[in-house]
Each structure stands twice: as structure tokens, then as C-alpha cells.
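Okay, structure first, notes after.
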Amino acid sequence: MGYNMASLVPSNQAFYGIILGAGSTPVGRATLPVTFGTRDNYRTEYVNFEVAEFETSYHAILGRPSLAKFMVIPNHTYLLLKMPAPKGVLLVYGDLQTSCACEAKNIELSDTLERSRNSVLVAQAAKNLPADKQHIPAKESTSESQLVPAVATKTIVLRDDEPHKTAVIGASLDSA
């Protein structure tokens, strides 16, 4: 079976969950050989990689199809993969410090991208706002700007011996 690994082939397989709240349509797919093991006991399989244009702390992510192809048994608690090989079981250990650093970087990138997207949306909304609506209202007095509940409420004391402990309930509720 021959594989052309020099170029991307078109792909329309969208995927989600790599960056929080962001989906992606890959720019293409590449099929590459992936090898686990040592010189004496190794396993190689050809894996399809979807190539996406977004920043993450990961360079490649092996999904369920790849893990199934290698017949991997993952143990997420110990960052360990076990898979069969010609001369016995292969053990692939992860690095806890690197994993934590990657996860922290991924969260940081996700937050940065989300803030960036939100800033663009706010700027677009402001640009489309009529000029007469683009002023900041003068500060109102404290009594006028306080929030008013949609339904009438009343404050009740939870314990007679501790009158500072209260709860707010609907005024139509019974206090008993």
C-alpha cells in the first residue's frame, strides 16, 4: 500500500474540543508513519493526521482511531499507554511535568483566543452602533441605579438567636 506523504490531501472533517469553544475545519490531511518502541521491539502504523490552523500547545493529537489502530490501552492516571508489539507489550510513559505545562499553555492560549474573539465582536458591534447611541450615560445617583427584583421579596431571619443570618424569599411565600 503506497502513501504520498509529501502533500496534504483535502479534508472536510470538522472537529471540536481541542481549544475550548472553538471548532476547526482542517486545511488538509496527511498520512504519516508513527512508530512506538525501541530498536528491538517496535510497532509502526500509518496514521491520518488532520492539519489545522490554530495555536495549541500540542503538535499532534492521537485520537481514538489511531489508538484503536495500535490497539492501545491508555491509563490516564499514570500517563501510560500499553500496546502489543512483536516481542511483548510496549509501555509508553508520559511526562507529568510536561503534560501539566502543556495543559496550562493550552488553557492560556484558549483564554487569549476567546478574549481576542470577544474584542473583535465588541469592536464590530460598536462600529455598527448609530452615533447618537455611542455616548456613556452620566452616573446616576445610587438610589436610582440599584437593581430591583422582578418579583416582590422580603428578608427573613433564619435563626432567632442569630439575627444577622437572613435569607431573601418571595414576598408571597409563608415564613413558617
- Query: Any idea which of (1) in contact with a helix residue (DSSP H, G or I) (Cβ under 6 Å, 6 or more places away or on another chain); (2) without any contact (Cβ under 8 Å) to a residue 12 or more places away in the chain is the one MET83 doesn't satisfy?
  - Reply: (2)
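For the stretch 82-125, which residues satisfy the criterion of being under 30 Å from THR35 (Cβ atoms) and over 23 Å from the mean Cα position of the chain (by Cα)?
Initial filter on the stretch 82-125 (under 30 Å from THR35 (Cβ atoms)): 82-106, 109.
Correct list: LYS82, MET83, PRO84, ALA85, PRO86, LYS87, GLY88, VAL89, LEU90, LEU91, VAL92, TYR93.
Got at least one residue in the stretch 127-138 being of a type in the set (Gly, Ala, Ser) and surrounded by 12 or more Cβ atoms within 10 Å (Cβ to Cβ)?
Of all residues in the stretch 127-138, those of a type in the set (Gly, Ala, Ser) come to 131, 138.
Cutting the leftovers down to surrounded by 12 or more Cβ atoms within 10 Å (Cβ to Cβ) gives us none.
Checked against the condition, which is being of a type in the set (Gly, Ala, Ser) and surrounded by 12 or more Cβ atoms within 10 Å (Cβ to Cβ), the stretch 127-138 yields no hits at all.
In the stretch 115-171, which residues are part of a loop (DSSP other than H, G, I, E, B) and at pLDDT 80 or above? Can you show your working first?
Step one: list which residues in the stretch 115-171 are part of a loop (DSSP other than H, G, I, E, B), which gives 129-130, 134-141, 146-152, 160-161, 171.
Residues satisfying the conditions are ALA152, ASP160, ASP161.
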- Message: On the basis of being loosely packed, with under 11 Cβ neighbours inside 10 Å, modelled with pLDDT of 90 or more and on the phi > 0 side of the Ramachandran plot, does GLY88 make the cut?
- Response: yes
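So, in the stretch 1-33, exactly how many residues are part of a strand (DSSP E or B) and modelled with pLDDT under 75? Walk me through how you get there before you give the answer.
Taking the stretch 1-33 as the starting set, the residues that turn out to be part of a strand (DSSP E or B) are 9, 15-19, 22-24, 28-33.
Imposing the further condition that a residue be modelled with pLDDT under 75 reduces the set to 15-19, 22-24.
Counting residues in the stretch 1-33 that are part of a strand (DSSP E or B) and modelled with pLDDT under 75 gives 8.
The values are calculated or read from the model by the stated rules, or taken from the named source; none is laboratory data. Please read all numbers here as calculations on a predicted model, not as lab measurements. Glycine gets a Cβ as well: all are built from the backbone with ideal geometry, and neighbour counts include every protein chain shown.
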